[in-house]
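What follows is one structure encoded as structure tokens, with my remarks underneath.
Just so it is clear, none of the values below were taken in a lab; they were calculated from the coordinates. Since the structure is predicted, the reported quantities are computational estimates derived from the model, not experimental observations. Every residue, glycine among them, receives a Cβ derived from its backbone with ideal geometry; neighbour counts consider all protein chains shown.
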Amino acid sequence: MKEAVCLECGHVFPWTKKYWNMVTPKGGRSHKICRNCINRHRREKNSSLENKVANLVSVHRYQCKKKDLPFDLDKKWLLEKIKNTTKCECCGKPIYININGNSDKKWQLDKVEPSKGYIKSNIAIICRRCNRIKSSATINDILMITKYVLQFRGVIGDSAEPGTR
Ligand SMILES: [Zn+2]
Ligand SMILES: [Zn+2]
């Protein structure tokens, strides 16, 4: 049986669909990469930050178009911003690029004022915890809780205007 050597891992496999893609681009040697190696590349690509950022950009581009909101993000700009942001822009605590999905220290993209859409001047990188608090509270909720805590501590008196609902 015909065999072929994978140019990437050096393993020799029978030339069958089980081990190879069997697609032979004209004149190229690039097809001589085994299925294992192709799958590994795919996994690595999917987990990379670049890929995540590209996904975010395309998802938000689509949603902004659907909801008729402004959008001007691009992959390169966002990737730079994320790489250069080491602290949550809301609470100031450290955030991490590679951290497990459920961690509160994971970064998330926030459109600061929801109605302004995903434009560069309205985008912040904040931690998962801040995003969760922010996304479930309205501005009046935040004012109400702030007032409650400040009154409780005696920082402000009862006369302060309450957040109107
Ligand atoms: Zn291989
Ligand atoms: Zn935060």
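Observations
- Taking the C-alpha atoms only, the angle from helix 139-152 to the longest principal axis of the chain is near 50 degrees.
- Sequence of ILE119, ILE33 once ranked by neighbouring C-beta atoms within 10 Å, starting from the fewest: ILE119, ILE33
- The trypsin sites (Lys or Arg not before Pro) of the stretch 82-155 meeting both criteria, a DSSP state outside H, G, I, E and B (loop) and at most 12 other C-beta atoms within 10 angstrom of the site's C-beta, are ARG153.
- Relative contact order computed over the stretch 65-114 (Cα-Cα under 8 Å; 6+ residues apart), in percent: 19
- Crossing angle, helix 35-47 versus the chain [Cα axis fit, 0-90 degrees, rounded to tens]: 10
- Using a cutoff of 8 angstrom between alpha carbon atoms and counting only pairs six or more residues apart, the relative contact order for the chain works out to 13 percent.
- When the C-alpha to C-alpha distance is required to be over 18 Å, the pairs from LYS111/LYS134; LYS65/LYS120; LYS75/LYS134; LYS76/LYS134 that qualify are LYS75/LYS134; LYS76/LYS134.
- For the chain, with +1 on Lys and Arg beta carbons and -1 on Asp and Glu, the positive-most of CYS127, LEU150, THR16 along the dipole: THR16
- Summing +1 for each Lys or Arg and -1 for each Asp or Glu among the other residues whose beta-carbon sits under 12 angstrom from that of ASP74 gives +3.
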